[in-house]
1. Might you let me know whether region 386-393 holds any residue that is modelled with pLDDT of 95 or more, over 25 Å from Val317 (Cα atoms) and among the acidic types (Asp, Glu)?
2. Would you check which residues across region 206-232 are out of contact with any Leu (no Cβ under 8 Å at 6 or more places or on another chain) and either of a type in the set (Asp, Glu) or within 24 Å of Ile168 (Cβ to Cβ) (or both) and list them?
3. If I ask for residues that are more than 11 Å from ligand 2 (Cβ to nearest atom), not in a helix (DSSP H, G or I) and not hydrophobic (A, V, I, L, M, F, W, C), which ones from region 270-304 would you list?
4. Output the residue which, of all residues in region 468-491 that are surrounded by 15 or more Cβ atoms within 10 Å (Cβ to Cβ) and at pLDDT below 95, is farthest from ligand 1 (Cβ to nearest atom).
5. Scan region 175-218 for residues that are within 11 Å of ligand 1 (Cβ to nearest atom) and within 21 Å of Arg37 (Cα to Cα) and jot them down.
6. Which members of region 259-306 meet the condition of being under 20 Å from Trp201 (Cβ atoms) and among the acidic types (Asp, Glu)?
7. Can you say whether Trp360 is touching a residue at least 60 places away in the same chain (Cβ under 8 Å) and either among the aromatic types (Phe, Trp, Tyr) or at positive phi (or both), as far as the supplied structure shows?
8. Based on what the data block shows, is Gly328 part of a loop (DSSP other than H, G, I, E, B), away from ligand 2 (no atom under 12 Å from the Cβ) and surrounded by fewer than 22 Cβ atoms within 10 Å (Cβ to Cβ)?
Amino acid sequence: MNLDEWPQHIGEEEFVLPVTETLVGACVATLSQDSSRPLFYDASGSITRKEFLERTSHLAAWLKTLGLCKGDRILISGSTTIDLAVAHMAALRFGLIVVPVNGLYQKNELEHVINDASPKVALIDHGEWGKWINSINPKIFVSDTSAKFSDGLVPELDQVKPEDPALIVYTSGTTGRPKGAVLSQRNLLAGAHSVRLAWKWTEEDRLYLCLPLFHMHGMGVGLHGTLLSGSSAILEEGFRAEEVLNAIESKQVSMFFGVPTMYHRLIEHPQIQKMKKMRLCVSGSAPLPASLHRQFNKDVGIQVLERYGMTETVMLVSNPYEGERRPGTVGFSLPGVRLKLEEGSGEILVNGPNVFEGYWNRPDADSESFSSDSVSRWFRTGDLGELDEGGYLKIVGRKKELIISGGYNVYPREVDDVLITHPDIEEVAVAGVPSKEWGEEVVAWIVPSPNQEAPSLEEIRDFGRQDLAAYKLPKRVVVTDALPRNALGKVLRQELREK
Ligand code: MCA
Ligand code: AMP
């Protein structure tokens, strides 16, 4: 099938963004109606639409007393709670640029983000981070994400323009340290609006949201989608299969969004039949094995809906809500999203109001990541695609050197660079190998230093733990005499994987 004839859920002309074309404008318009409706539940209680809007404006007033102005960066990181949702939305309504950061980061990972994005304030809930941030840049005002009030005047809220930057999310390319993808208010709105339409997400829905809110899956889809649709969500600090299943009936959950590792753990739970009651179960962030998809269908009677997205583009492609959700594929382009497959390589290129503006302070990275034809600018995803005979998109590989473990991205170079500093390691290269639980898992191939014993897996993990978030640490070590390299000396990771 030719991509020009490729079906879309909804024709291009019907994809109209809500009037203000800003995420905050559209969400506030929804939440201002029916103000007593519950919006979020978490371990501390619940909050209605009205209370949520009030708390975000109080917090915005407090942020103003710190001297912040529109366009300033604010680092936010915490567990998936109402407090975090309020902090995020307060900052966006004020016109600040939110820099969400993975709470598992170690000091040097955090330091890179802070030096690059230069936030003025950090709202964080992780013990040691306050001390770390203080030593990285003592000028940053640090506090937690709990409710804040100020007697001062509430700043003008919701005055942002569609093109104003709203988020800087750090994500890496093939080389170098993570880059900040800048997403505008319009990008975020388009990202949430397209899935709301495609998945028929209404205010009657209730989402079980236990994904972290510092990545696009939990934040750009789960949190923003809930606010935009005016539905409700149960916010949980982490994933536990038992709790998801128990909540379905006791908390009247209708939707679950997760990464494949979560579905893998759910299907093994003896009470998995409870999932039957769900209106919609969505999987993304990594490939959902076709066998797992089929097992859910056969054993539970649920067709998990697999979709495909990226930090830089929010959501791109989704299996249909109605009709066949085809195992091993990600489906058709979402409303408003245009895709093409590059001739020859098959790389997936994308264009649409959801596609980010560029990388923060990195024009060099922008020129590599976009390609233009006579009409449009296309973002190069680094993923390789193919259409099957029914026109469903299949992700068949990646051009980029990326390991996706349990939905978290691991850049091999980042891990290599830390492990190579171990005194008993002469050479090292990590690669992702298939894993039933994690999708891919990090494996390190090491060449020990001359006359040294190879360090054990535990030693290597302990050594790496100071500088790398725990999910980046190798789960296995292979000792070898030499790493496979090409004529230019570059390690051939694909060959390692096949060894
Ligand atoms: C935890 N560990 C991991 C991972 N998570 N190791 C490898 N990969 C992981 N993803 C480590 C822990 O640090 C611990 O190691 C050991 O594994 C066991 O931890 P466990 O308690 O079993 O893990 P968990 O806390 O239950 O976490 C598993 C998880 C979590 C729930 C699957 O990884 C998760 O929430 N993943 C979702 C990430 C996500 O939201 N991605 C979206 C990116 P130790 O004992 O050494 O400490 S956005 C994106 O990709 C795009 C936009 C998209 O399309 O969505
Ligand atoms: P991130 O950089 O964290 O935004 O991760 C985006 C990457 O995750 C994409 O470029 C894909 O490689 C991968 N990804 C997301 N969803 C899927 C999916 N359903 N199937 C395969 N890969 C996926």
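The values are calculated or read from the model by the stated rules, or taken from the named source; none is laboratory data. As the structure is a computational prediction, the values presented were derived from the model and not from experiment. Note that each Cβ is placed from the backbone with ideal geometry, even for glycine, and that neighbours are counted across all protein chains shown.
1. Within region 386-393, not a single residue is modelled with pLDDT of 95 or more, over 25 Å from Val317 (Cα atoms) and among the acidic types (Asp, Glu).
2. Residues satisfying the conditions are Leu211, Pro212, Phe214, His215, Met216, Val221.
3. Within region 270-304, Pro270, Gln271, Arg279, Gly301, Gln303 qualify.
4. The residue in question is Pro484.
5. Leu209
6. Correct list: Glu306 only.
7. Numbers: touching a residue at least 60 places away in the same chain (Cβ under 8 Å): yes; either among the aromatic types (Phe, Trp, Tyr) or at positive phi (or both): yes.
In short, yes.
8. Numbers: part of a loop (DSSP other than H, G, I, E, B): yes; away from ligand 2 (no atom under 12 Å from the Cβ): no; surrounded by fewer than 22 Cβ atoms within 10 Å (Cβ to Cβ): yes.
Judged against the criteria, Gly328 is not a match.
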